[in-house]
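Down below is the structure, laid out as structure tokens.
Computed from the coordinates by the stated procedures, all read-outs in this text should not be read as laboratory data. Here the structure is a predicted model, which is why all the values come from computation and not from measurement. Glycine gets a Cβ as well: all are built from the backbone with ideal geometry, and neighbour counts include every protein chain shown.
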Amino acid sequence: MSKPTLSVVVPVYNEEEVINESYRRLTEVLEGIGETYELIFVNDGSRDKTLRLALEICRNDRRVKLIDFARNFGHQLAITAGMDASSGKAVVVIDADLQDPPEVIPLMLEKWHEGYEIVYGKRLKREGESAFKKFTAKVFYRFLDKMTDVDIPVDTGDFRLIDRKVCEALKHVPEHNRYVRGIVSWLGYKSCPVEFERHKRFAGTTKYPLKKMIRFASDAIMSFSYKPLKLATLLGCLTIFTSVLLLIFYAIFGQLNPITSIVIAAIFIAGLLFLCLGIIGEYIARMCDEVRNRPLYLIRKMHNFDDNDDQ
Ligand code: UDP
Ligand code: MG
């Protein structure tokens, strides 16, 4: 089968109430575009009727493919598997619950035709989500921006289009605790946003309970920031500085007795310990870099190296 222009990856986890409508809306939009496409559902270990419904869709429509996970591996690995298996010249990742409107895909394709290699959906408004979710999401994106050196766009989920080049580059980043949107930003490439309003879920409830959200946030921070490790060094320096200040203060006012001396010594030693932890942290940070095995650099294109490279 020849390669389609567009691959659309849809992770599904217990989405029996949603999957048929999701398929219907996506097909309507994709047929309207007039390009060849494949639709890849990734069943992330659903325990409801999702798999059965997905198989039924596959039987009736050859453009729909299905990857069925052995168990629930999580949203980030589901979209990774979908992207790995895709063959389109451009790949779109979209949630099944229709919170990301499929109607935005043609706008993303337009930007891709203009030459952008990553087109990410930027949420202007979030409808139908709890105040808690909206607040934590807002704080999280801004906090992450402060914590990391990588420019990860704020208010942006995994709803995005990536060029085949970017999809291939992603395969060279084999991290386990994946924060895909961060990795995509880390890769570089030419990117631009398409703004949209995030609707409420078509049906069902969120598959991201608080526990998964915390895990997701910590993956994001730990994958792209060493600041938590560096905190120990800072605390160490501050504590040592405080003990020296106290020493001077007590010496000047003549109150340097055995008790104050012991307190100052204890603070000083605590500072030293923090400092040592910070130094160990610096080594751990470097080990993380090596163990992660991210590529050292990524090349968009080579020019004039051999006869075929300028295609
Ligand atoms: N999802 C998944 N595996 C999981 C959790 C979620 O594949 O372990 C899918 C889910 O079916 C949906 C998408 O990831 O298509 C986003 O999940 P959800 O809509 O529940 O997250 P929210 O929008 O509430 O953050
Ligand atoms: Mg959702």
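Using R0 = 41 Å, the C-beta based FRET efficiency linking Thr242 and Cys288 works out to 0.85.
Between Gln76, Tyr120, Ile40, the Cα set farthest toward the positive side of the dipole of the range 1-145 (charges on each charged residue's Cβ, about the Cα centre) is that of Gln76. How would the range 71-185 be classified by its alpha-carbon gyration tensor: rounded, prolate or oblate, with rounded meaning a/c under 1.5 and the a/b versus b/c comparison settling the rest? Taking the square roots of the gyration eigenvalues as a ≥ b ≥ c, the range 71-185 is rounded. Using the Cβ-Cβ distance between Ser130 and Lys49 with R0 set to 35 Å, the FRET efficiency from 1/(1 + (r/R0)^6) comes to roughly 0.85.
Placing +1 on the Cβ of every Lys and Arg and -1 on the Cβ of every Asp and Glu, with no other charges, gives the range 42-184 a dipole of roughly 240 debye about its Cα centre. Only beta bridges with both residues in the chain are counted; by DSSP, about 25 percent of them are antiparallel. Taking the charge dipole of the chain about its Cα centre, with +1 at Lys and Arg Cβ atoms and -1 at Asp and Glu Cβ atoms, the residue from Gly254, Asn14, Leu187 reaching farthest to the positive side is Gly254.
Counting 0.36 nm for each residue step from Arg59 to Thr260 and taking away their Cα separation leaves a gain of 64.4 nm.
Rounded, prolate or oblate: which one fits the chain, using the alpha carbon gyration tensor with axes a ≥ b ≥ c (rounded when a/c is under 1.5, else prolate when a/b beats b/c, else oblate)? Could the numbers behind the result be given before it?
Working: a/c = 2.79, a/b = 2.02, b/c = 1.38.
In terms of gyration-tensor shape, prolate.
Quick one, could you list the DSSP H helices from the chain stretching 30 Å or more along their long axis (Cα atoms) with average Kyte-Doolittle hydropathy of -1.0 or above? Helix filter hits for the chain: 227-252, 258-292. Charges were assigned to the Cβ only: +1 to each Lys and Arg, -1 to each Asp and Glu. The resulting dipole of the range 198-295 about its Cα centre is roughly 1020 debye. Placing a pseudo-label 7 Å from each Cα along the Cα-to-Cβ vector at Ile280 and Phe143 gives an inter-label distance of 2.5 nm.
Kindly provide the helix-only [θ] at 222 nm of the chain, computed as the sum of -39,500 (n - 2.57) over DSSP H runs of four or more divided by all residues, to the nearest 500 deg cm²/dmol? The helix-only estimate for the chain comes to -16500 deg cm²/dmol at 222 nm. Between amide H atoms placed 1.01 Å from N, distances below 5 Å from Val64 occur with Leu39, all of them 5 or more places distant or on a separate chain. Here's how it looks for Val42: its modeled amide H is under 5 Å from those of Val10, Val12, Ile67, which are all 5 or more places away or on a different chain.
What size of dipole, in debye to the nearest 20, comes out for the chain about its Cα centre when the only charges are +1 on Lys and Arg C-beta atoms and -1 on Asp and Glu C-beta atoms?
On the way: 43 positive and 41 negative charges, 187 e Å.
Here the chain has a charge dipole of around 900 debye.
Each label point was placed 7 Å from the Cα along the Cα-to-Cβ direction; for Met222 and His176 their separation is 1.0 nm. For Leu109, Leu187, Leu245, the sequence from fewest to most other C-beta atoms within 10 Å is Leu245, Leu109, Leu187.
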